[in-house]
1. Assuming Tyr244 fulfils every condition listed in (1) within 23 Å of Leu322 (Cα to Cα); (2) in contact with a Leu (Cβ under 8 Å, 6 or more places away or on another chain) apart from one, which condition is it?
2. Kindly indicate which of Thr55, Thr111 is modelled with pLDDT of 70 or more and polar (S, T, N, Q).
3. Need at least 2 residues that are surrounded by 13 or more Cβ atoms within 10 Å (Cβ to Cβ), aromatic (Phe, Trp, Tyr) and at pLDDT 75 or above per element, so show me which helices (runs of 4 or more DSSP H) inside the stretch 248-343 make the cut, counting only ones lying wholly within it.
4. Of everything in the stretch 163-187, what is farther than 30 Å from Thr63 by Cα and assigned to a helix (DSSP H, G or I)? Give them in sequence order.
5. On the given criteria, is Ser127 modelled with pLDDT of 75 or more, among the polar types (S, T, N, Q) and surrounded by 10 or more Cβ atoms within 10 Å (Cβ to Cβ)?
6. Going through Ser210, Ser155 one at a time, which residue ends up being assigned to a helix (DSSP H, G or I) and farther than 30 Å from Val275 by Cβ?
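The values are calculated or read from the model by the stated rules, or taken from the named source; none is laboratory data. The structure displayed is predicted, hence computed values, not measured ones. For neighbour counting, all protein chains shown are included, and Cβ atoms are generated from backbone atoms with ideal geometry for every residue, glycine included.
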Amino acid sequence: MKRKTWLILAALILFLMLIWLIKAFGGLFMLFTVSVITAYLLQPIISAFVKSGVTVSVAILVTYAMILTVLLFLIIVAIPELYSECAALFDALPVYYDYVMSLWNHYVAGTKFMNLVGSVGLDEKISMLLASWTEAFADRTIDFISALPRIIFYSVLVPVVAYYFLRDKEKISDGFLMFFPPSVRVNVLSLWEDIDGVLWGFVKGNLLISLIVGTATALGLFFLQVEYATVLGILYGIMDIIPYFGPFLGAIPILVLPLLQGDVNIFLVILLLIVVQQGENIFISPRVLGNSVGLHPVTVIFLVLFGGYLGGILGMVLIIPLSAVMKVLLKFIYEKVVAYPTD
C-alpha cells in the first residue's frame, strides 16, 4: 500500500477515534481541552518569568497568584457593581416591554400592513417562533443550572491539570514526538509552529481588540449618560470577537435601550459606534491582528454563518481559528503527501 494511502487511512481512523472520545467522555474531554487552552494562554507569561531566572513551578505559582488577585479584585469591587447594573437592567425590562407594546398597539396594531400579515397567518408563525425561542432558552437555563455543580468541580480541576501541562511541557512534547519516526519529526515541529502562529495571533489579537473596543464603548456610553453603560460595553466587546456580524449584533441593545430611555441623543450614540468601529478597522485591527488567520473575507462570512448554525454564538467565535488550523493542516498534507508523494 502506498504511503499516501496509509496516511489518509490513519488520519481517518484518528478522526473517528476523536469523535468517539468526545461522545464517550464528553466531560473529561472538555476538562482536558480547557486545561490545554489555559496552559497554552498562560505559557508566554510563564516563559517570561522563567527567563528572569525563576523555576517553572515558581513561575506557574506566581502567575496563579496574580490571576487570583485579579479575580478577588473583580469579586470585591467590579462584580458587585456589574451585578447591581445587571439587576437594574432586568428590573427595567418589564417596563421597557410595556412601553414597546404600547407603541406597537398605538402605531402598528390594526394597520393595513398588520391586517395583511394576519391574513396570511404570518403573525401566528412569528408568535410560534418566539414561543419556541422562549422555550429553548428556558430549557438551556435549566440544563445549565443542573450542570452547575459539575462545572464548578471542573473549574477547580482546570488549574490543577493546567499546572502539570505547564510544568511538564518539555516532557509532554518529547513524548508526543516519540509517536513519529525520526525522519518526520522536523516536519511535525514545523507544522506545530505554523499552527501556533495562527492560533496565538488570532487569540491574542482578538482578545486585545475586544478589550479595547469594549472599554472604549463603555466609556463613551458613560459620558453620553446611557444607562447600563458597563453591561452594554462588555456585551459589545464580547460580540466584537465574532467577525463581521458581531458589531451589528452588539449594536442592537446599545441602540434600543437609549431609545427607550428617552433622554439620550441617539445620534451621538450612533456616532460613537461609528467612531469605535472605524477606529478598530483603520487603526487597531491592522496593527494588532493583521491577517493572522489567512482566510478570505467571503470565506470568513460563510464560516461564521455555518458556525452559528452548528453552535450558536460559541460556534461563530470558534469556527474561524479552527478553520485556520485546518487550512494549515491541509496545506501541510498537500505539500508533503499530495504534491510530492513518495511510496
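1. (2)
2. None of the others qualify; the one that does is Thr55.
3. 297-333
4. Pro182, Ser183, Val184, Arg185, Val186, Asn187
5. In short, no.
6. Every option except Ser155 fails the conditions.
Let's see how each residue does on (1) surrounded by 18 or more Cβ atoms within 10 Å (Cβ to Cβ); (2) in contact with a Ser or Thr (Cβ under 6 Å, 6 or more places away or on another chain); (3) within 21 Å of Ile274 (Cβ to Cβ):
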| residue | (1), (2), (3) |
| --- | --- |
| Leu166 | yes, no, no |
| Leu189 | no, no, no |
| Ala218 | yes, yes, yes |
| Leu221 | yes, no, yes |
| Leu224 | no, no, yes |
